Amino acid sequence: MNRRTALKQVAQAVTVGVTAGHLGWPRSIRGGGAATAAGIEHTGVTVLLNEPPIGTISPAIYSQFAEHIGGVIYDGIWVGRDSKIANVDGIRKDLIEHVRRLGRVVVRWPGGCFADRYHWRDGIGPREKRPRRFGRWREETEPNHFGTHEFIRFCRLCDVEPYFAANVGAGTVEEFQQWVEYCNAPAGRTTLADERVANGDREPFGIRYWGVGNESWGCGGKFTPEDYCTEYRKFTEWVPGYGVPLYLIAAGPNGNDVDWTRRFFKKWTDYARAPLHGWSPHYYAGTTGHALKFSRDQWYEMLHKANQMEKLIADQWAALGEFDPEHKVKLIIDEWGNWHPEGTEINPRHLFEQMGSLRDALVAALTLDTFNRHAEKVDMANVAQLVNNLHSLFLADGDRFVATPNFHVFEMYRPHHGAKSIRMNVQAPDIAFQAAGREQRIFRVAGSASLSGKNLTVTLVHSHAAEPAEVALQLRGGMAEGVRKTVLTHTALSAHNTFERPGEVMPKTSATDLRGPTLRCLLEPASVTRLDIRLA
Ligand code: AHR
């Protein structure tokens, strides 16, 4: 059946009131928990407004990551004050305007692997006098024109919160603690605070989030978990906040390596629990095929890989609970995203740059829905990376700038920020696909729901590559008095936005006449849908 015929058939089914259950969808998942079939009617999606919320969705779940690598900082963010490219204080104007549309999120800087060889003093003082160093990547020269003050300026212009990743691999405890003091101590109180003032910023930066190293199992020092824990304790044993409540983040495992987590936390309990607020596993879903060339099976396999975030969160949370039963330490997934092979860079200097397609947008939406469903566990998540890199929201080269389909997903999901995550059951059939020489299966529909006052937001990802689906969305304990629908999709699975065609993949919003306790709506193939539901 081609896509158009399928859409027509489902549209007819909608008018005669055929529900998803009648279509014989056997599979059931419960948003916010494990798969279960108990007590669920086969009516598609049920939003459990009558149950207590899961937790409040931190806007920081929608955060970003910006590293000194390839074209992220130089070209992506920093163009320089004298540039012909429109800028504010050297920072790309188009970027500022778009990042502001993401809401009050956090941006992690300066790495990544770069962080564990970055000496912050290289990036302060008169720009022309700053030392030039070999960068961490490809040994490109790092001019240090973008340092602490420039990053803070960027954050203030974009109205986002900074998150600094400190150097454990090649740095010292003293260097870290002095960076905190330089940033946060009030003017006139210490020599370092006065140095900050002399460099142009009287007001303290008030940095809350501090990462103590990055990927300490790898580029951050190749530590054992026990040795890293010893370093972590030394770095964090005495760090004054200067009035700022610090949020200290330890580098977590590579993917879902539960053993690494257990070994770190076993040592941590031996050390009378050094101050620790966030634990940061990194999960890259990797690739299947190529950024823009992939088969139907590879489409599903990619989405399936993204869905492994659910298990990572559950497993890591359970491991944390063995040592921290009150769950004071939360998850910070401060690097996630797809990682495709090279070949779609817009500029060969932009290491790891990849063209973001509709497929990447669905991965972003699946992942953000997963975070929403675990709002009580995940305090922050940072997609890698903001611009000109992996899974980016933006591409920029010279004076050209474009928002990728990923950006549109992040903007679409903004109503979830700060709202209460609501449990949701989804009944949908599995989709079978071939990967690694065997048949595998993926949920056809997944999503999340949140409530803010009378506004219910439901986001749904429909992974079927070719056929639409009709969903009967039941509001248990609520009635809709008005619904608007926003959809991001395209007829080509590899569709993407380019400098020449920036609007190729864009969300479209429409009014609907949906009302009442059950809303029947069509999900287009390969789509992300947001329903803005005004409750009576
Ligand atoms: O995001 C690119 C790199 O991937 C980061 O520097 C590192 O932390 C990770 O391995």
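Would a scan of the stretch 241-248 turn up a residue that is in contact with a Pro (Cβ under 7 Å, 6 or more places away or on another chain), within 29 Å of Ala193 (Cα to Cα) and either open to solvent by less than 40 Å² (accessible area, probe 1.4 Å) or β-branched (Val, Ile, Thr) (or both)? Within the stretch 241-248, one or more residues are in contact with a Pro (Cβ under 7 Å, 6 or more places away or on another chain), within 29 Å of Ala193 (Cα to Cα) and either open to solvent by less than 40 Å² (accessible area, probe 1.4 Å) or β-branched (Val, Ile, Thr) (or both). Assessment of the stretch 156-165 against the conditions (more than 16 Å from the ligand (Cβ to nearest atom), among the charged types (D, E, K, R) and under 19 Å from Gly278 (Cα atoms)) yields at least one matching residue. Does Lys222 satisfy the condition of being open to solvent by 30 Å² or more (accessible area, probe 1.4 Å), in a helix (DSSP H, G or I) and either within 13 Å of the ligand (Cβ to nearest atom) or more than 17 Å from Trp279 (Cβ to Cβ) (or both)? Against the criterion (open to solvent by 30 Å² or more (accessible area, probe 1.4 Å), in a helix (DSSP H, G or I) and either within 13 Å of the ligand (Cβ to nearest atom) or more than 17 Å from Trp279 (Cβ to Cβ) (or both)), Lys222 does not qualify. Can you give me the number of residues within the stretch 379-399 that are more than 11 Å from the chain's Cα centre (by Cα) and away from the ligand (no atom under 11 Å from the Cβ)? So the answer is 9. Within the stretch 270-303, the set of residues being under 30 Å from Lys234 (Cβ atoms), in contact with a Gly (Cβ under 9 Å, 6 or more places away or on another chain) and open to solvent by 20 Å² or more (accessible area, probe 1.4 Å) comprises Tyr283, Tyr284.
What residue, among those in the stretch 509-521 that are assigned to a strand (DSSP E or B) and touching a Lys or Arg at 6+ places or on another chain (Cβ under 9 Å), is farthest from Val461 (Cα to Cα)? Among them, the one singled out is Ala511.
Of note, Ala465 satisfies the criterion of being farther than 18 Å from Glu51 by Cβ and at pLDDT 95 or above. Among the residues of the stretch 334-357, the one identified as aliphatic (A, V, I, L, M) and in contact with a Ser or Thr (Cβ under 7 Å, 6 or more places away or on another chain) is Met355.
Within the stretch 83-138, the set of residues being open to solvent by 40 Å² or more (accessible area, probe 1.4 Å), within 24 Å of Ala403 (Cβ to Cβ), of a type outside the set (Asp, Glu) and in a loop (DSSP other than H, G, I, E, B) comprises Lys84, Ala86, Arg101, Arg104. Here the stretch 433-480 is the region considered, the condition is being of a type in the set (Asp, Glu) and in contact (Cβ under 8 Å) with a residue 24 or more places away in the chain, and the residue that is farthest from Thr518 (Cα to Cα) is Glu467. Within the stretch 243-268, residues that are closer than 14 Å to Cys229 by Cβ and charged (D, E, K, R) have Cβ atoms under 6 Å from residues that are open to solvent by less than 30 Å² (accessible area, probe 1.4 Å) and not in a strand (DSSP E or B) in these pairs: Arg262/Ala319; Arg263/Pro225; Lys267/Cys229, counting only partners at least 6 apart in sequence or on another chain. Residue by residue through the stretch 292-319, note down the ones that are assigned to a loop (DSSP other than H, G, I, E, B) and either closer than 25 Å to Glu215 by Cα or of a type in the set (Lys, Arg) (or both). Residues satisfying the conditions are Lys293, Asn307.
In a residue-by-residue description of the stretch 62-75, the property of being within 26 Å of Gly477 (Cβ to Cβ), open to solvent by less than 20 Å² (accessible area, probe 1.4 Å), part of a loop (DSSP other than H, G, I, E, B) and at pLDDT 95 or above applies to no position. Applying the selection to the stretch 43-61, what residues are surrounded by fewer than 24 Cβ atoms within 10 Å (Cβ to Cβ), hydrophobic (A, V, I, L, M, F, W, C) and assigned to a strand (DSSP E or B)? Selection gives Leu48 alone.
Look at (1) within 16 Å of the ligand (Cβ to nearest atom); (2) in contact with a strand residue (DSSP E or B) (Cβ under 8 Å, 6 or more places away or on another chain); (3) of a type outside the set (D, E, K, R); (4) touching a residue at least 12 places away in the same chain (Cβ under 8 Å) and you find that Phe134 fails only one, number (4).
Only one of the listed residues (Leu358, Leu312) is more than 16 Å from the ligand (Cβ to nearest atom), touching a strand residue (DSSP E or B) at 6+ places or on another chain (Cβ under 9 Å) and either open to solvent by less than 20 Å² (accessible area, probe 1.4 Å) or not β-branched (Val, Ile, Thr) (or both). That residue is Leu358.
Within the stretch 197-215, being in contact (Cβ under 8 Å) with a residue 60 or more places away in the chain and in contact with a Phe, Trp or Tyr (Cβ under 8 Å, 6 or more places away or on another chain) holds for Tyr209, Gly211, Gly213.
Before we move on, is Gly206 more than 16 Å from Pro110 (Cα to Cα), of a type outside the set (A, V, I, L, M), within 29 Å of the chain's Cα centre (by Cα) and modelled with pLDDT under 95? Against the criterion (more than 16 Å from Pro110 (Cα to Cα), of a type outside the set (A, V, I, L, M), within 29 Å of the chain's Cα centre (by Cα) and modelled with pLDDT under 95), Gly206 does not qualify. The residues in the stretch 266-303 that are away from the ligand (no atom under 16 Å from the Cβ) and within 30 Å of Gly241 (Cβ to Cβ) can be counted, and the count is 12.
Could you please let me know if Gly206 is farther than 18 Å from Val239 by Cβ, away from the ligand (no atom under 16 Å from the Cβ) and either outside any strand (DSSP E or B) or charged (D, E, K, R) (or both)? Spelling it out, it is not the case that Gly206 is farther than 18 Å from Val239 by Cβ, away from the ligand (no atom under 16 Å from the Cβ) and either outside any strand (DSSP E or B) or charged (D, E, K, R) (or both).
Right, Arg484: outside any helix (DSSP H, G or I), at pLDDT 95 or above, among the basic types (Lys, Arg) and within 29 Å of Arg349 (Cβ to Cβ) or not? No.
The values are calculated or read from the model by the stated rules, or taken from the named source; none is laboratory data. Remember, it's a predicted structure, so these values are computed and weren't measured experimentally. When we count neighbours, we look across all protein chains shown, and the Cβ atoms used for this are built from the backbone with ideal geometry, even at glycine. When the accessible area is computed, the model is the full protein with side chains, heavy atoms only, and any ligands, DNA or RNA have been set aside. Shrake-Rupley method; radii C 1.70, N 1.55, O 1.52, S 1.80 Å.
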